[in-house]
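**Student:** Supplied in structure tokens, the structure appears directly below.
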Amino acid sequence: MDTETQDGAAVRIPPPLTYAAGVVAGIALQFVWPLPVAPARGLRIGLAVLAALPGLSLMVGAVRLFRRTGQDPRPWLATPEIIRSGVYRFTRNPMYVSFALLQSAIGIGFGNLWILLLVPLACLVVDRTAVRPEEAYLERKFGDSYLDYKKSVRRWI
């Protein structure tokens, strides 16, 4: 996984681990440098659900498309074709957007502002360690077909 496999992107860190690290780091930071919790618990839970539902929907939609096309969602493995349907019509990285929404939901739900504040950092790390290597791999493998897809669909949202 550290280097490009026979046919796959040179993803250095599995993206789910990056977002999980953001949650763990946020919990640790809350113990060391606590930030105030706001708003009331009921409102936090409601807002967390509002963040989690689209995140889960994106994830389920992406995983279903991978299964339907017989592909493996692990980004360091071979990509036999570019998926352009379903959630991939709106974002080239629905799973990563999903993880960001889920990390946000966890931070909101538990009233941990550190977790929420670390979402942009997690996205930046995923962008540099997964998204860009994936894009380079897909450009090499699919050429103009992938470049056309990149022009018509946003990277994130």
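**Student:** Under the condition of being of a type in the set (V, I, T) and assigned to a helix (DSSP H, G or I), which residue from region 62-97 is surrounded by the fewest Cβ atoms within 10 Å (Cβ to Cβ)?
**Tutor:** V63
**Student:** Residues of region 99-128 being among the small types (G, A, S) and touching a Ser or Thr at 6+ places or on another chain (Cβ under 8 Å), which ones?
**Tutor:** Of everything in region 99-128, just one residue is among the small types (G, A, S) and touching a Ser or Thr at 6+ places or on another chain (Cβ under 8 Å), namely A122.
**Student:** Right, next: Check region 81-102 and report whether any residue there is under 28 Å from D144 (Cβ atoms) and of a type in the set (G, A, S).
**Tutor:** Taking every residue of region 81-102 in turn, at least one turns out to be under 28 Å from D144 (Cβ atoms) and of a type in the set (G, A, S).
**Student:** Right, next: Among what's in region 103-113 and is of a type outside the set (G, A, S) and assigned to a loop (DSSP other than H, G, I, E, B), pick the residue that is surrounded by the most Cβ atoms within 10 Å (Cβ to Cβ).
**Tutor:** Residue satisfying both the conditions and the ranking: N112.
**Student:** Related question: Taking the condition touching a residue at least 40 places away in the same chain (Cβ under 8 Å), β-branched (V, I, T), assigned to a helix (DSSP H, G or I) and under 30 Å from I45 (Cβ atoms), does I157 pass?
**Tutor:** Considered against the rule, which asks whether it is touching a residue at least 40 places away in the same chain (Cβ under 8 Å), β-branched (V, I, T), assigned to a helix (DSSP H, G or I) and under 30 Å from I45 (Cβ atoms), I157 comes out as no.
**Student:** Return the total of residues in region 24-50 being in a helix (DSSP H, G or I) and under 14 Å from L113 (Cβ atoms).
**Tutor:** Selection size over region 24-50: 11.
**Student:** Would you confirm whether any residue within region 48-65 is of a type outside the set (F, W, Y), farther than 21 Å from V153 by Cα and more than 18 Å from the chain's Cα centre (by Cα)?
**Tutor:** no
**Student:** Scan region 131-143 residue by residue and report those that are over 26 Å from A105 (Cα atoms) and assigned to a helix (DSSP H, G or I).
**Tutor:** Passing the criteria: P133, E134, E135, A136, Y137, L138, E139, R140, K141, F142.
**Student:** How many of the residues making up region 4-33 are touching a residue at least 40 places away in the same chain (Cβ under 8 Å) and either closer than 25 Å to V63 by Cα or touching a Cys at 6+ places or on another chain (Cβ under 9 Å) (or both)?
**Tutor:** Result for region 4-33: 18.
**Student:** Quick check on region 117-130. Is at least one of its residues over 30 Å from R44 (Cα atoms), in contact (Cβ under 8 Å) with a residue 60 or more places away in the chain and in a helix (DSSP H, G or I)?
**Tutor:** Yes, region 117-130 contains a residue that is over 30 Å from R44 (Cα atoms), in contact (Cβ under 8 Å) with a residue 60 or more places away in the chain and in a helix (DSSP H, G or I).
**Student:** Just checking, does region 109-128 include any residue being under 30 Å from V32 (Cβ atoms) and of a type in the set (K, R)?
**Tutor:** Yes, some residue in region 109-128 is under 30 Å from V32 (Cβ atoms) and of a type in the set (K, R).
**Student:** If I filter region 71-89 for residues that are farther than 30 Å from R41 by Cα, over 18 Å from the mean Cα position of the chain (by Cα) and of a type in the set (A, V, I, L, M, F, W, C), do I get at least one hit?
**Tutor:** Yes: one or more hits.
**Student:** Take A100 and tell me if it is surrounded by 15 or more Cβ atoms within 10 Å (Cβ to Cβ), in a helix (DSSP H, G or I) and in contact with a Cys (Cβ under 9 Å, 6 or more places away or on another chain).
**Tutor:** The answer is yes for A100.
**Student:** Which condition from (1) without any contact (Cβ under 8 Å) to a residue 12 or more places away in the chain; (2) within 25 Å of L121 (Cβ to Cβ); (3) in a helix (DSSP H, G or I) is the one that M59 breaks?
**Tutor:** (1)
Taken together, the values in this text are just the output of simple stated rules run on the coordinates, not laboratory data. As the structure is a computational prediction, the values presented were derived from the model and not from experiment. No Cβ is skipped: glycine too gets one built from the backbone with ideal geometry, and neighbour counts run over all protein chains shown.
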